[in-house]
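A short write-up of the structure that comes next.
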Amino acid sequence: MAEAAVKETVDETQDLTDGFSLVIDAMKLNGIDTIYGVPGIPITDLGRLAQAAGIRVLSFRHEQNAGYAAAIAGFLTKKPGVCLTVSAPGFLNGLTALAHATTNCFPMILVSGSSEREIVDLQQGDYEEMDQLAIAKPLCKAAYRVLHAQDIGIGFARAIRAAVSGRPGGVYLDLPAKLFAQVMNADAGAKSLVKVIDAAPAQIPSPAAVKRALDVLKAAKRPLIILGKGAAYAQADDAIKALVEKSGVPFLPMSMAKGLLSDMHPQCAGAARSTVLKDSDVVMLIGARLNWLLSHGKGKTWGDAPKKFIQVDIEPREMDSNVEIAAPVVGDIGSCVQALLDGMGGSWQTAPADWTGAVKAKRDENVAKMAPRFMNNKSPMDYHGALGALRTIIKERPDTILVNEGANTLDLARGAIDMYKPRKRLDVGTWGVMGVGMGSAIAAAVETGHPVLAVEGDSAFGFCGMEIETICRYNLPVCVVVFNNDGIYRGDGVNAGGGSDPATTAFVKGARYDKMAEAFGGVGVNATTPDDLRRAVNEALDSRKPTLINAVIDPAAGAESGRIGNLNPQSKLRKK
Ligand code: ADP
Ligand code: TPW
Ligand code: MG
């Protein structure tokens, strides 16, 4: 029916366009210049035609990794990252990444081809039959299906707005196979496209909210600012720096906000985390949620001292989600921080010196305590020895983008490697997902042109390792370091049943991940000492050649569940 209706309105004597072209034109019109995906029915030609039309189309080996790439592209650029997949299985493979993007407030659009609606809805067994729209809906911020070529423009406009406006998130766009072949008159098609104006409108906080927040801050004796990845995303770097410096308040960066202000900044309290969380009396959250990563704003981590929270966030429903927020400031971070700065005026009393002095002393003490551990040159390496080499490299090359996942490999690298510039640290995000590494590394290289250093646990790498071929194929400046401790958390686990199977957490001993890069024409290096590692990484970053370094880590060096063993019921039982 639908197709017949469309055909009736087509004048075949005039220039025609089709669904394929309209999808591509809608993306180009809105500045979408990169697609991450995996080809196949019904979107193979869409990829080809998009490439022919000048869109960069990166083909992955698995949709999940393409999806993670799109998610991080969204975080880095404030434009929706686009992931393109085939129907049912490809769609499902991409869906984890879409849910991850939504959870992390990254703008992303998962565009999937789908099967014939008439057959799917009667469940008559079409090729890759699945009601994808229904399945996607609960896992993303918005989901749309386009049935008619003349609605493609509107479909993309809605998807783009939903992804980037308000709290950003993942959007699903369902494009049934039949849509691509639909034809319409070219001029009518062009007119049907929508250029989205002001996709993420500024949201100005109310003056009363700003005043309330400043009153709370002014009365503080031990104030703290926590910067989250929402603050990094907002790209309001100068205003945030001005607010922190004008207030004189110590700041604590969440993982992906590290470097928003340099970790070397005199007010950075990263190395005094437990002290500032426990002892502060007023906490201003900027683009950070009081979720599990901040112990929900209560309990032992936060100490006994009564606290007042100021929260700056674009999502009003985030307020009071875990504890009472004394001063909610709802709006986009750029506008909110500017309003706070304006409200502070010319004569703002900076944070009390006894507090800032105490924080600085604690921080210096902790930094001094850790320093010698990063200097060891043991072989096999422990985490600190290996990370000692990498932290120096990032210090010397602050534009390098650091991708990081694993358990010990994540937790210890987060503390060890100081960041100097905004949006240079990409990691597992709110869910702590393993497998985001290669997608993130690829998108970071593609979107920014900067070299990427991906520091990966051997297990984490296993979730996405085949994309090393993608990195080699596109010749991307990505250096992957696999922290190879022969397993998950540790490589020395034993089979609790005494049988000949390996422990559930153990991998092949002495595996040589570096050979994987060689298989695809990249550079592979086996590094057994921090000196080897330093040399190999520097060489990779200088040459910009795809490189995979197998960093041999002592299988007994790690801790169960890294630093979040307290969340692991088994380890609690075992300790009894
Ligand atoms: P982290 O894990 O670093 O603490 P979260 O992902 O928990 O960060 O929190 C990010 C917060 O930032 C979310 O609550 C989201 O609504 C908010 N956010 C994202 N972008 C903006 C923006 N442009 N303006 C205001 N708030 C934003
Ligand atoms: C998608 C559970 C958390 S951490 C981890 C797993 C499997 C691997 C840790 O080992 P790795 O690091 O990477 O070798 P290291 O240095 O401690 O040895 N599936 C998904 N996500 C998560 N988080 C898991 C499983 C997990
Ligand atoms: Mg490991």
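Read the figures in this text as sums done on the coordinates, not as results from a lab. This one's a predicted model, so the numbers in the text were calculated from it and none came from an experiment. Every residue, glycine as well, gets a Cβ built from its backbone with ideal geometry; the counts of neighbours run over all protein chains shown.
When the residues of the range 476-518 are narrowed to those that are hydrophobic (A, V, I, L, M, F, W, C) and surrounded by fewer than 13 Cβ atoms within 10 Å (Cβ to Cβ), which ends up farthest from ligand 3 (Cβ to nearest atom)? Full working, then the answer.
The first filter runs over the range 476-518 and keeps only residues hydrophobic (A, V, I, L, M, F, W, C), leaving 476, 478-483, 488, 494, 496, 503, 506-508, 511, 516-517.
Within this subset, residues satisfying the condition of being surrounded by fewer than 13 Cβ atoms within 10 Å (Cβ to Cβ) are 494, 496, 508.
Working: Val494: 16, Ala496: 19, Val508: 12 Å.
This residue is Ala496.
Of all residues assigned to the range 308-320, none qualifies as being exposed (fewer than 13 other Cβ atoms within 10 Å of the Cβ) and away from ligand 1 (no atom under 16 Å from the Cβ). Looking at the range 88-157, the helices (runs of 4 or more DSSP H) lying wholly inside it that each contain 3 or more residues that are β-branched (Val, Ile, Thr) sit at 88-104.
Filtered by the rule that a residue be near ligand 2 (Cβ under 10 Å from one of its atoms) and of a type outside the set (Val, Ile, Thr), the range 472-508 gives Phe483, Asn484, Asn485, Asp486, Gly487, Tyr489, Arg490, Gly491, Phe507.
In the range 475-494, the residues that are under 14 Å from Gly562 (Cβ atoms) reach residues that are within 11 Å of ligand 3 (Cβ to nearest atom) and among the aliphatic types (A, V, I, L, M) with C-beta atoms within less than 6 angstrom, at least six apart or across chains, in these pairs: Phe483/Ala551; Phe483/Ile553; Asn485/Ile553; Gly487/Ala506; Tyr489/Ala407.
Glu396 falls short on exactly one of the conditions (1) free of Cβ contacts under 8 Å to residues at least 60 places away in the same chain; (2) farther than 24 Å from Pro253 by Cα; (3) surrounded by fewer than 19 Cβ atoms within 10 Å (Cβ to Cβ); (4) charged (D, E, K, R), and that condition is (2).
Number of residues in the range 176-219 that are in contact with a Lys or Arg (Cβ under 8 Å, 6 or more places away or on another chain) and not in a helix (DSSP H, G or I): the value is 5.
Tell me which residues, restricted to the range 237-286, are of a type in the set (S, T, N, Q), surrounded by fewer than 18 Cβ atoms within 10 Å (Cβ to Cβ) and under 24 Å from the mean Cα position of the chain (by Cα). Spell out how you get there, then give the answer.
Step one: filter the range 237-286 for residues of a type in the set (S, T, N, Q), giving 247, 255, 262, 267, 274-275, 280.
Still in the list and also surrounded by fewer than 18 Cβ atoms within 10 Å (Cβ to Cβ): 262, 274.
Within the range 237-286, just Ser262 meets the criteria.
Being away from ligand 1 (no atom under 16 Å from the Cβ), more than 30 Å from Ser274 (Cα to Cα) and in a helix (DSSP H, G or I), is that true of even one residue in the range 547-562? No.
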